[in-house]
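Undergrad: Take this structure, written in structure tokens, and hold onto it; I'll ask about it next.
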Amino acid sequence: MRYATQADLIKRYGRHVIQTISDDENSGELDETQVEAALTDASNTIDVYIGGRYTLPLSSAPVVLNLHACHLARYFLEKNYATEQARKDYEDSIRFLEQVAAGKISLGLAADNTTVESDNTAIIQSAGSVWAREKSKGFI
């Protein structure tokens, strides 16, 4: 399963940036073959980490995986010339995936790829107003 598309990558970083880092031949054009290869590598990297915890392919991909797929794909496109920000995003994404693999972070999916409904419901109760006008006679 692909977690990000070329359009997602362009939306996140801008066409000029993706065109610049994917153009090895300095043709001034976006090298779609390299972009698709980087996106495939990013998705495969994600699958390696989450495959032990979730059944692949996922029936629906959580949005957070799109973000991390874009981070990984950009890093793969930059190859040996990765910017400091791209390297930091890559390392953060790998750390996130390691925590998912270890079970410390959940993608919000059950093992069978169904969305997990939370049992945590916030309930607010009040004992009434402490400083109501009727109760504070004599103070004010």
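Undergrad: Confirm whether Tyr81 is surrounded by fewer than 16 Cβ atoms within 10 Å (Cβ to Cβ) and under 23 Å from Ile10 (Cβ atoms).
TA: Taking the combined requirement at face value, the residue satisfies it.
Undergrad: Follow-up question, since we're still on this one. I'd like the full set of residues that are aromatic (Phe, Trp, Tyr) and modelled with pLDDT under 95, limited to segment 50-79.
TA: Scanning segment 50-79 gives a single hit, Tyr54.
Undergrad: For segment 21-37, state whether one or more residues are within 16 Å of the chain's Cα centre (by Cα), modelled with pLDDT of 90 or more and among the small types (Gly, Ala, Ser).
TA: Taking every residue of segment 21-37 in turn, none turns out to be within 16 Å of the chain's Cα centre (by Cα), modelled with pLDDT of 90 or more and among the small types (Gly, Ala, Ser).
Undergrad: For segment 84-103, what are the residues that are of a type in the set (A, V, I, L, M), surrounded by 13 or more Cβ atoms within 10 Å (Cβ to Cβ) and out of contact with any helix residue (DSSP H, G or I) (no Cβ under 6 Å at 6 or more places or on another chain)?
TA: Residue satisfying the conditions is Ile94 alone.
Undergrad: Let me ask you something else. State whether the residues of segment 20-38 include one that is within 27 Å of Gly108 (Cβ to Cβ) and of a type in the set (Ser, Thr, Tyr).
TA: No, segment 20-38 contains no residue that is within 27 Å of Gly108 (Cβ to Cβ) and of a type in the set (Ser, Thr, Tyr).
Undergrad: What is the residue count in segment 81-115 for residues that are in a loop (DSSP other than H, G, I, E, B) and either at pLDDT 90 or above or not hydrophobic (A, V, I, L, M, F, W, C) (or both)?
TA: Looking only at that region, the number is 9.
Undergrad: Would you pick out the residues in segment 1-53 that are hydroxyl-bearing (Ser, Thr, Tyr), part of a helix (DSSP H, G or I) and more than 30 Å from Gly103 (Cβ to Cβ)?
TA: The answer is Tyr13, Thr20, Ser22, Thr33.
Undergrad: Something else now. Could you tell me whether Tyr75 is more than 14 Å from the chain's Cα centre (by Cα) and of a type in the set (Ser, Thr, Tyr)?
TA: yes
The values are calculated or read from the model by the stated rules, or taken from the named source; none is laboratory data. Given the structure is predicted, the values throughout are model-derived calculations rather than measurements. Note: ideal-geometry Cβ built from the backbone for every residue, glycine included; neighbour counts use all protein chains shown.
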